[in-house]
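Read the structure below first, then the notes.
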Amino acid sequence: PGTFTVTSAGGTDGSNSVEYLVVAGGGGGGTDRAGGGGAGGYRTNFPSPSTGGLSVSAQAYTITVGSGGGGGTGTGGPGESGSNGTVSTFSTITSAGGGGGAGGNVDGTGTQNGKPGGSGGGAAHCSGTGYTTTGGSGNTPPVSPSQGNRGGNCGDPQGGGTGAGGGGAGAAGTDSPPGTDGGRTGGAGLASSITGSSVTRGGGGGASGNSSGGNGGPGGGGAGVRNNAPANGNPGTANTGGGGGGA
């Protein structure tokens, strides 16, 4: 966080615009065969022609860097779901925090769905309650171009053995179809060379499953862990906006 200050306007042959990459904090993963956290919203205009970037004037612009969301805790109830990440901002550009991954031992229709965000959190296993669960929607609130993708869905109405992956900047989280027992992979992030070399950011968190944890999506997504490992889900890589892994 800090301040970006433009000290003077561009000359006749110069530019009055900038290129940007704004990535929000990733969502936290849930617990108990839970969904992975969604990646923070990913917004960029790079590469832009010299006159086609974001217009700026001679003034100070506040930079806000969003933090990652906390992982779910406990063995039951709403606290099992991860928290959303927080926004990152520059000028008129705001990227939404990633959605928290759903916890797997929360009772009631809709409570095991992933949370919406820049990219959505993954759904949790269905706990034998007789309904399917859905990943949180990405690109929430909506912007164009899209800032992220949905979390994975859990499609086993008899109580699946795994959660679904958190959404990434470049792809949705991996779904958990009927009969799946291993944790699913987080959605892939996107590569950018705005710093002079290619770096991939915005990967979704991997989910937790009965037999294994899912890998985090390329771009800083944290890996999930096997249910009853016992262990915490892995955090997203710092300064990438990656979602946290399910536990």
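The values are calculated or read from the model by the stated rules, or taken from the named source; none is laboratory data. Note that the structure is a prediction, hence the values are computed from the model and not measured. For neighbour counting, all protein chains shown are included, and Cβ atoms are generated from backbone atoms with ideal geometry for every residue, glycine included. Heavy atoms of the whole protein, side chains included, go into the accessibility calculation; ligands, DNA and RNA do not. Shrake-Rupley method; radii C 1.70, N 1.55, O 1.52, S 1.80 Å.
When residues in segment 8-57 are screened for being among the basic types (Lys, Arg) and open to solvent by 50 Å² or more (accessible area, probe 1.4 Å), 1 of them pass.
Return the residues of segment 235-247 that are more than 16 Å from LEU190 (Cα to Cα) and either without any contact (Cβ under 8 Å) to a residue 24 or more places away in the chain or surrounded by fewer than 24 Cβ atoms within 10 Å (Cβ to Cβ) (or both); say none if nothing qualifies. Of everything in segment 235-247, just one residue is more than 16 Å from LEU190 (Cα to Cα) and either without any contact (Cβ under 8 Å) to a residue 24 or more places away in the chain or surrounded by fewer than 24 Cβ atoms within 10 Å (Cβ to Cβ) (or both), namely PRO235. If you go through segment 73-111 and keep only what is of a type in the set (A, V, I, L, M, F, W, C) and either part of a loop (DSSP other than H, G, I, E, B) or modelled with pLDDT under 90 (or both), you end up with VAL87, ALA96, ALA102, VAL106. Close Cβ contacts (under 6 Å, 6 or more residues apart or on different chains) running from residues in segment 49-61 that are aliphatic (A, V, I, L, M) to residues that are open to solvent by 60 Å² or more (accessible area, probe 1.4 Å) comprise ALA58/SER8; ALA58/ALA9; ALA60/THR3; ALA60/THR5. Restricting to segment 1-55, what's the tally of residues that are closer than 17 Å to SER88 by Cα, of a type in the set (Ser, Thr, Tyr) and in contact with an Asp or Glu (Cβ under 9 Å, 6 or more places away or on another chain)? Selection size over segment 1-55: 1. Within segment 119-178, if we keep just the residues that are at pLDDT below 90, among the β-branched types (Val, Ile, Thr) and open to solvent by 10 Å² or more (accessible area, probe 1.4 Å), the residue that is farthest from THR200 (Cα to Cα) turns out to be THR129.
Remark: ASN232 falls outside the filter, which requires a residue to be touching a strand residue (DSSP E or B) at 6+ places or on another chain (Cβ under 8 Å) and open to solvent by 20 Å² or more (accessible area, probe 1.4 Å).
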